[in-house]
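K.L.:
Handing you this structure, nothing more for now.
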Amino acid sequence: MSTTVIVGIITIGLFILVTLAITMQTIDKNNKEKRRLEAALNSRSRNFDYMLDGFPEGFLSRDLQVLVCNCLVEVYSQLYQINSKNKDYKDKLDKANMRMAECKQKPANAPSVTLSDPEQIKEVQKMLTSLFNFIAKLAASGRVNSKEAKIYGQQVRRLIVQTSVDALAEPIQNAIKQSKPRLAIHYLHMIIEKMKKENNDGFYTDRINQYTAKIAELEVQATKVDAKEDPNRAAADAEWDELNKPDDTWKKKAVYD
């Protein structure tokens, strides 16, 4: 066997080994990416399942329940495409489709549930943020049209605002009971700021006015509390107001001159 033949065989062998190594590396990379995507989708499916089963009854409107079911269908469809041998994905996909059909049959409703547990509120807000982000992805991919995405997004943002209000309801009441009106005022300003950010359509105007009136009422109480805690403060404030009054004596002098 000539040297040229031997070199050729070695070259071909090396080429095959390199090709196999690259192929195996690519397959391994694809498998890792597949597992990563599958894990992410499973995590997302658990979040959506929690929204349907973990949220208090009536917390989500019918439209949002249908949307969450639609999200579940989308997630399980992707999982089944990734791993069609997993019968559990197929069963859950069928169940999600059935549940979506059931939700569509429900009468329309507006969310009317108030949350009080701080930990539950924190978890619910986390889930709502996840839902809001997923709506944006559905719109970007064209699976939900922009008009529907805007409506859904607005409903979710309003729920986020409402849960923020729920989270502050008890602290406000406690501050009032403990004769800490300025603390209650601080919390009310926080609520108003959150509502103002989402009030382009005037949805929160009436409630903002109500909270503003409550702040004015509490300001009166706060003044009384301040005066009671520091008797000299009221006198000092009155003296300061007197000093800040405009001096009109020059006008009177000018008239008589």
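K.L.:
Pick out the one residue from F48, F15 that is at pLDDT 85 or above and aromatic (F, W, Y).
P.N.:
Going through F48, F15 in turn, the sole match is F48.
K.L.:
If I ask for residues that are modelled with pLDDT of 90 or more and open to solvent by less than 60 Å² (accessible area, probe 1.4 Å), which ones from region 95-120 would you list?
P.N.:
A96, M100, A101
K.L.:
Go through V75, V66 for me and flag whichever is in contact (Cβ under 8 Å) with a residue 24 or more places away in the chain and over 16 Å from S130 (Cβ atoms).
P.N.:
On inspection, the qualifying residue turns out to be V66.
K.L.:
I'd like to verify a number: residues in region 189-215 that are of a type in the set (F, W, Y) and either over 16 Å from V156 (Cβ atoms) or open to solvent by less than 60 Å² (accessible area, probe 1.4 Å) (or both), how many?
P.N.:
Number of matching residues: 2.
K.L.:
Quick one: how many residues across region 184-213 are touching a residue at least 24 places away in the same chain (Cβ under 8 Å), more than 17 Å from the chain's Cα centre (by Cα) and within 18 Å of P171 (Cβ to Cβ)?
P.N.:
Matching residues across region 184-213 total 4.
K.L.:
Could you please find all residues in region 147-193 being of a type in the set (S, T, Y) and within 26 Å of F55 (Cβ to Cβ)?
P.N.:
Y152, T163, S164, Y187
K.L.:
Continuing with the same structure: Determine whether region 186-208 contains at least one residue that is aromatic (F, W, Y), at pLDDT 90 or above and over 26 Å from M127 (Cα atoms).
P.N.:
The answer is no; no qualifying residue exists.
K.L.:
When you scan region 137-161, how many residues do you find that are open to solvent by less than 50 Å² (accessible area, probe 1.4 Å) and in a helix (DSSP H, G or I)?
P.N.:
10
The values are calculated or read from the model by the stated rules, or taken from the named source; none is laboratory data. Keep in mind that what you see is a predicted model, and the values were worked out from it rather than measured. So basically every Cβ, Gly included, is an ideal-geometry build from the backbone, and we count neighbours across all protein chains shown. Protein only, heavy atoms only, side chains kept; ligands, DNA and RNA dropped before computing areas. Shrake-Rupley method; radii C 1.70, N 1.55, O 1.52, S 1.80 Å.
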